[in-house]
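All remarks here apply to the structure that follows.
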Amino acid sequence: MARRDRVDSTARRGTVDGQHGYALATLPTGGGGGILSTIGNHLAAKAAPYLPPWIGAAVLPPAVGWGVHEMWGDSALSAGLASAGMGAGGVLLSAVTWAVSGGTNKFRRYRRAQATASVTAGMGWLTCSVSAGPFGHPMTDLWLLGGGLFAASWNVRQIMRNAHDETEETDKGGLGKLAEAIGLEKVQVKNAKGNGKGMVTAEVFPLPGKTVEDVQAAAPKIAAALHVPSSAVTVNKDPDNAGHGTFSARVADLLKHGVPFQPPQELGLLPTEPIPVGLYADGEIWWINPFLAEILQHLLVMGVTGSGKSEFARAVLAHLMTRRKLSIWLIDLSKGAQTIGHMAEGVDWLVTRKHGGMREAKAMMRCLPGVIAARGDQLAEEGLDQWTPDSKLNAMVVWIEEAADAVDFDVLDNIARTARSVGIWLVVSLQRASWKNVSTDVRANLQAAACFGVDEASDASFCLPDRVTESGAIPDWGSDRPGYAYSTGIGIPPKRWTTEVRGSLTKPVRDQIRAMILAAAPYRDPLDDVSTRAAGLAYEQRTHRGTNRTNTPADDVAAASAELHTASAYEDAMDDEMDADAVDPALEEAAAMELQDAYDDVMAQIPAAPEPDADYARLRLEDDVPDADPDTDLTFEQADRPSTEEARAILYGQIDQWAATNHLTFEPGELAPAAVAAGRKRGWLQKELKALVNEGVLRHDAHGEYTIVRPIAVAA
Ligand SMILES: Nc1ncnc2c1ncn2[C@@H]1O[C@H](COP(=O)(O)OP(=O)(O)OP(=O)(O)O)[C@@H](O)[C@H]1O
C-alpha cells in the first residue's frame, strides 16, 4: 500500500511537473512584478516541498520546549521527575524508531540511522529543556545547530528520492529478496505488483555484468522458490531496451475450473470482428482476429492428444459459423464427426473419412491454387492489395485437422504462401510437428501459433517463436492441463504472447452451439461466384454442404451439372456415408492394367524408327494419321476413323463421364482407350488436353495429372 502511495505520488509529481511546464509557458510576462516575480514564483514552487523539515525544526522545539519547561520546570523535584520520564521515553521512542524503520539495503539502513538519530537528539534536547528552558545558552545554540542539521539531512533524502536513487529501496521487497536468494542480486526489481487475479508482475533491470537472459535462465529457480510450475514464471525481453525486462508469475490458477464458452454478441458479424476464444491467466479475454491483422497469418495449432486442440477448434469455428461473408472448408480425416459433427451445418465443405475421404481431401487441396489465382485476379480488379470486407469475395477459412495424415506438405506450402493475400486463412492442426515432418518452408508460412500441451520443450520451440520459449513460456505439460496454451499472432498483441491462456469449453453447451449455428444460417453468404467457379466440379460435387447451401453455381457449371448430376447423387452419398478409401485396390489395379495394355497396343502400332523416305517421315506426333498405304491390311481401320468432331466427342464424353462420377483427377494415360476409339495418337491427345486447359475445363497439376474443373458442353 505504502508502495502504491509512493508510486501514486511519483505519478502525481510527474503530472504536476508536466502541468508546470504548461503553466510556465502560459504565465503572463508583464505586470505584477514581471519576469522577476515569475522567477520568484517558480523558485518558491520548487522550494516548497523542502520547507516542512525547516518549519518543523523552527517551530516545534521552542514550542514544545517552552511547554514542558512551563509545566515542570518550576521545582527541582518535578523537573527531575519529568526529565527522567522523558529520558526513558526518548530511549523507548528511539528503539521503536529503529525497529520500525528496518531495511535490507543501504538506503533503508541510512534512513533508519537518520530517523533514530533525529528522534534521540530531539528527545535529548527536550529532556534538557524541562529544567533549562528552550531559550538561552546552550539550548538555543543546540536547537539552531541540531534543527538545521536535521532539516538539511531530510532535504538530502528528499532530493535523492526525487532523483529515483531510492527506487531500489522502495521496490526491492519480496521479489527483490527472492532475486537475491537465487543469485540474482545484481538485478533491480521495480514496480512489483499483483493484479488481484493471481498474477504478479515486475520490471527487472539487470545491473552491469548481468543480462535479461540471466534472469530468464533463473526463471525455473524463481518458479521453484514460489512453488509454482516453471511455465508459470516468464521473463520477457524489452525489444527496445536490452537492459530491461518484464517478469510475471502466475501464483494462483483462476482458470482451473474451466472457461465458459462466450457466444457471439450477435449473429451475422463480419469476419473482421474479434473472436473471444478463452481467457488469459490474469482474467483478460483471449481475443483473436485473423482477418483484421495487418497480414493474414496462417495458424499452426499443436498439442498432444487430449491437450485441447479440438475444443479450441470448436470454440473458434462456432463463432465463425455465425458470420456473414465467410465460408469454411474443413478436412478432418482422423476424428471427423466426433469433433465437429454437431456443427457440420456451419461448414461449407466438410471432408471426413465418411464424407469424401482422402479423395475429396486431395480434390480440395488441388482446387485451391486455382481458387487462389482467381481470387487474386478479382481483388486486383477491385483495386485491393488484400482481402477486406469491401471485396465481393467471401473470406475463407481452410482448417485442416491432423494435417500430416491428410495433405502433402509441398502442396500445403504453395497454398500457404499464396493464400494470405486473397483472404484465405489456413489453419493447420498437428499433434506433433518437428523439422523432420514439416519442412522449413511450410513452418515459415504458418506465422501464428496456438501451442497446447506438448511432451517436450523442443516441440514447443517448433511451434512458438523463440522469444516466447526463451521467456520461459513452454507448455510442456502434455495432456495434464487440457485447454491451456500459449498463443501468438492473429491479432494478439506481442506482450500477451507469453501469458498463459485457457480455451473455452464448448462441451457443456454443445446443443446451444448447434442451435446457434442453425439460427445463423440466414446470415451466411454463399461462397462467391469467383471462388465457386474456380473451385469447379470438385466443389460443386462435394459430399457435404453446410449453411452456404443456398449457393448458386456459376452458369456454366450449373448447366452442365444439371445433366451430370444424378438426381440424388448428394443425398445418396450422404446416406451411404460413402467412404472413398474403401475402393477395392484389386479392382483399381485390374483397371489400370487394362488401360496400360490398351495403351501399349496403340503405341505398338507406331513404328519406332520411321523410314526416312516414307510419306509419314515428316509428320509430327500431333498430326492426323495420313491415309494408309492401299496395300496394307489396315485399310479398314482408316475407313472407320472418326472425324475430328467425332474424335472430340469421344474424348469429351469420357471426361464428362468421369466428372459425373466424381472421378475428377486423371493421368493422360487413362485416356488412351478414348484416343484409340477416336483413332488418334498421343500427340492429338496432348493437343486436345492443352486446349481444354486453356479453356479452363481442365487444370494441369503437378506430376502430370489433370483435374476436371468443369464439365464440357458436348456438341456431338
Ligand atoms: N479448454 C478446456 N477446458 C477444460 N477442459 C478441456 C478444454 N479443452 C479440452 N478439455 C478436456 O480435454 C479433453 C480432450 O480435449 P480435446 O479433445 O480438445 O483434445 P485434442 O487435443 O483435440 O485431442 P486429440 O488430438 O486426441 O483429438 C476434452 O474432452 C475435455 O474434457
**Item:** Lone unmet requirement of (1) among the β-branched types (Val, Ile, Thr); (2) within 14 Å of the ligand (Cβ to nearest atom); (3) without any contact (Cβ under 8 Å) to a residue 60 or more places away in the chain for VAL509
**Value:** (3)
**Complete:** Restricted to the range 254-277 and to residues being touching a residue at least 12 places away in the same chain (Cβ under 8 Å) and in contact with an Asp or Glu (Cβ under 9 Å, 6 or more places away or on another chain), the residue surrounded by the most Cβ atoms within 10 Å (Cβ to Cβ) is LEU255
**Message:** Suppose we filter THR498, THR532 for residues that are crowded, with 21+ Cβ neighbours inside 10 Å, assigned to a helix (DSSP H, G or I), polar (S, T, N, Q) and touching a Phe, Trp or Tyr at 6+ places or on another chain (Cβ under 8 Å); which single one remains?
**Reply:** THR532
**Prompt:** Taking ILE328, is it in the same structural domain as VAL427 (by TED's automatic domain parsing), surrounded by 18 or more Cβ atoms within 10 Å (Cβ to Cβ) and among the β-branched types (Val, Ile, Thr)?
**Reply:** yes
**Request:** Would you check if ARG432 is assigned to a loop (DSSP other than H, G, I, E, B) and within 27 Å of VAL351 (Cα to Cα)?
**Result:** yes
**Message:** Would you confirm whether or not the range 262-281 contains a residue that is at pLDDT below 95, in contact with a His (Cβ under 6 Å, 6 or more places away or on another chain) and not β-branched (Val, Ile, Thr)?
**Reply:** yes
**Asked** Can you pull out the residues in the range 470-495 that are in contact (Cβ under 8 Å) with a residue 12 or more places away in the chain, part of a loop (DSSP other than H, G, I, E, B) and closer than 23 Å to ILE295 by Cα?
**Response** GLY489, ILE490, GLY491, ILE492
**Scan of the range 84-103 for residues that are closer than 15 Å to SER118 by Cα, surrounded by fewer than 14 Cβ atoms within 10 Å (Cβ to Cβ) and of a type outside the set (A, V, I, L, M, F, W, C), ordered by number** = GLY89
**Request:** Tell me, yes or no, whether the range 251-272 has at least one residue that is of a type outside the set (D, E, K, R), within 16 Å of the ligand (Cβ to nearest atom) and part of a helix (DSSP H, G or I).
**Result:** no
**Message:** Taking the condition of being over 20 Å from GLY346 (Cα atoms) and away from the ligand (no atom under 16 Å from the Cβ), how many residues in the range 390-405 meet it?
**Reply:** 3
**Prompt:** Taking TRP287 and the conditions (1) within 16 Å of the ligand (Cβ to nearest atom); (2) surrounded by 23 or more Cβ atoms within 10 Å (Cβ to Cβ); (3) not aliphatic (A, V, I, L, M), which numbered condition does it fall short on, given that it satisfies the others?
**Reply:** (2)
**Message:** Quick check on the range 232-239. Is at least one of its residues in a loop (DSSP other than H, G, I, E, B) and outside the structural domain of PRO494 (by TED's automatic domain parsing)?
**Reply:** yes
**Prompt:** Name the residues in the range 303-342 that are more than 9 Å from the ligand (Cβ to nearest atom), in contact with a Lys or Arg (Cβ under 7 Å, 6 or more places away or on another chain) and touching a residue at least 40 places away in the same chain (Cβ under 8 Å), would you?
**Reply:** ARG324, LEU333, HIS342
**Request:** Just give me the residues in the range 290-301 being within 16 Å of the ligand (Cβ to nearest atom) and in contact with a Lys or Arg (Cβ under 7 Å, 6 or more places away or on another chain), in sequence order.
**Result:** VAL301
**Message:** Taking the condition of being surrounded by fewer than 24 Cβ atoms within 10 Å (Cβ to Cβ) and either under 16 Å from THR547 (Cα atoms) or of a type in the set (Val, Ile, Thr) (or both), how many residues in the range 344-362 meet it?
**Reply:** 2
**Hits in the range 129-152 - residues which are surrounded by 15 or more Cβ atoms within 10 Å (Cβ to Cβ) and in contact (Cβ under 8 Å) with a residue 24 or more places away in the chain** = SER129, VAL130, SER131, ALA132, GLY133, PRO134, MET139, TRP143, GLY146, GLY147, PHE150, ALA151
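Conditions (1) within 24 Å of the chain's Cα centre (by Cα); (2) crowded, with 20+ Cβ neighbours inside 10 Å; (3) at pLDDT below 80; (4) aliphatic (A, V, I, L, M), marked per residue:
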{"position": "VAL187", "(1), (2), (3), (4)": "no, yes, yes, yes"}
{"position": "ASN195", "(1), (2), (3), (4)": "yes, no, yes, no"}
{"position": "GLY198", "(1), (2), (3), (4)": "yes, no, yes, no"}
{"position": "VAL204", "(1), (2), (3), (4)": "no, yes, no, yes"}
{"position": "LYS210", "(1), (2), (3), (4)": "no, no, yes, no"}
{"position": "PRO220", "(1), (2), (3), (4)": "no, no, no, no"}
{"position": "SER230", "(1), (2), (3), (4)": "yes, no, yes, no"}
{"position": "THR234", "(1), (2), (3), (4)": "yes, yes, no, no"}
{"position": "PRO239", "(1), (2), (3), (4)": "yes, no, no, no"}
**Request:** Exactly one condition in (1) within 25 Å of ASP408 (Cα to Cα); (2) within 16 Å of the ligand (Cβ to nearest atom); (3) in contact (Cβ under 8 Å) with a residue 60 or more places away in the chain is not met by ALA281; state its number.
**Result:** (1)
**Prompt:** If you go through the range 501-529, how many residues are outside any strand (DSSP E or B), in contact with a strand residue (DSSP E or B) (Cβ under 8 Å, 6 or more places away or on another chain) and under 30 Å from THR234 (Cα atoms)?
**Reply:** 1
**Message:** Take the residues in the range 423-455 that are over 12 Å from LEU300 (Cβ atoms) and surrounded by fewer than 14 Cβ atoms within 10 Å (Cβ to Cβ); name whichever of them is farthest from the ligand (Cβ to nearest atom).
**Reply:** THR440
**Request:** Would you check which residues across the range 120-138 are of a type outside the set (Gly, Ala, Ser) and either assigned to a helix (DSSP H, G or I) or outside the structural domain of GLY89 (by TED's automatic domain parsing) (or both) and list them?
**Result:** THR120, MET123, TRP125, LEU126, THR127, CYS128, VAL130
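The values are calculated or read from the model by the stated rules, or taken from the named source; none is laboratory data. Everything numeric in this text was worked out from a predicted model, so none of it was measured. Cβ coordinates were reconstructed from backbone atoms using ideal geometry, including for glycine residues, and neighbour counts include every protein chain displayed.
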